[in-house]
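Here the structure is laid out as structure tokens; the discussion comes afterwards.
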Amino acid sequence: MSGTKEMRTPRLLLRKHVEADAEPLHENFGKDPAMFEHSGWNPYATPEMADRTVAGFISGYEDPHVYAWAIEHDARLVGTIGAYDYDARTNAIEVGMSIEKASWGKGFATEALTAVLHYLVEDERIAIVSGWCASDNIGSRRVMEKAGMVNVDVEKGALAIGDATFDQLWYKYPGEGAETIPRL
């Protein structure tokens, strides 16, 4: 396993995080409620939280099972994407991504996710790649589907975020033998 390696797509650079990422992540992600509306997870809510989160990404690069990329377009940070919680027993991992609101609808998430899925399955030889989103998060659903992931399960009412409750949709990247892959 090689862990996080720099990758280029036609429009994007996927690179390791650097300390300077904390400020734009706080400004463009942490302060915007739309960025955590469907996850309830806001690791960039304060400058200190953003600093700690980015420091955690950076220190994690020593582990070859850590995959955490900053997404750049035209030398500007527009998102993050990573794969987390590698399970050696099942050779499985979960992906997650976030694109700043100003860059929604430009195909950046699909482009980055497609590259990461290919890297994890083809290069890192991870057998099971899954991801999830809230049922109301139409954008994330479309991104996963466009990148080749398939919806394999719905957990009714599994996500309680603030005063709202959502169904949790689970997706898998098919790869070889997808029909036999159990849900994590």
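The values are calculated or read from the model by the stated rules, or taken from the named source; none is laboratory data. Please read all numbers here as calculations on a predicted model, not as lab measurements. In this analysis, Cβ positions are derived from the backbone assuming ideal geometry, glycine residues included, and neighbour counts consider all displayed protein chains. Surface accessibility is based on the protein's heavy atoms, side chains included, excluding ligands, DNA and RNA. Shrake-Rupley method; radii C 1.70, N 1.55, O 1.52, S 1.80 Å.
None of Thr114, Thr90 is farther than 20 Å from Asn28 by Cα, open to solvent by 40 Å² or more (accessible area, probe 1.4 Å) and modelled with pLDDT of 95 or more except Thr114. I'd like to check something: does region 1-13 contain any residue that is within 19 Å of Thr114 (Cα to Cα), out of contact with any Asp or Glu (no Cβ under 9 Å at 6 or more places or on another chain), surrounded by fewer than 13 Cβ atoms within 10 Å (Cβ to Cβ) and without any contact (Cβ under 8 Å) to a residue 12 or more places away in the chain? Looking for residues that are within 19 Å of Thr114 (Cα to Cα), out of contact with any Asp or Glu (no Cβ under 9 Å at 6 or more places or on another chain), surrounded by fewer than 13 Cβ atoms within 10 Å (Cβ to Cβ) and without any contact (Cβ under 8 Å) to a residue 12 or more places away in the chain, one finds at least one in region 1-13, hence yes.
Of the residues making up region 59-76, those that are farther than 13 Å from Leu25 by Cβ and open to solvent by 30 Å² or more (accessible area, probe 1.4 Å) are Ser59, Tyr61, Glu62, Asp63, Pro64, His65, Val66, His73, Asp74, Ala75.
What residue, among those in region 118-141 that are open to solvent by less than 20 Å² (accessible area, probe 1.4 Å) and among the small types (Gly, Ala, Ser), is modelled with the lowest pLDDT? This residue is Ala134.
Applying the criterion of at least 2 residues that are of a type in the set (Val, Ile, Thr) and farther than 19 Å from Thr90 by Cβ to the strands (runs of 3 or more DSSP E) found wholly in region 120-173 leaves 150-161. Restricting Ser103, Ser98, Ser140, Ser130 to those that are touching a Cys at 6+ places or on another chain (Cβ under 6 Å) and under 28 Å from Gly60 (Cα atoms) reduces the list to Ser140. Looking only at residues in region 93-111 that are closer than 19 Å to Asn28 by Cβ and modelled with pLDDT of 95 or more, which one is surrounded by the fewest Cβ atoms within 10 Å (Cβ to Cβ)? If we take residues in region 93-111 being closer than 19 Å to Asn28 by Cβ and modelled with pLDDT of 95 or more, then Lys106 is surrounded by the fewest Cβ atoms within 10 Å (Cβ to Cβ).
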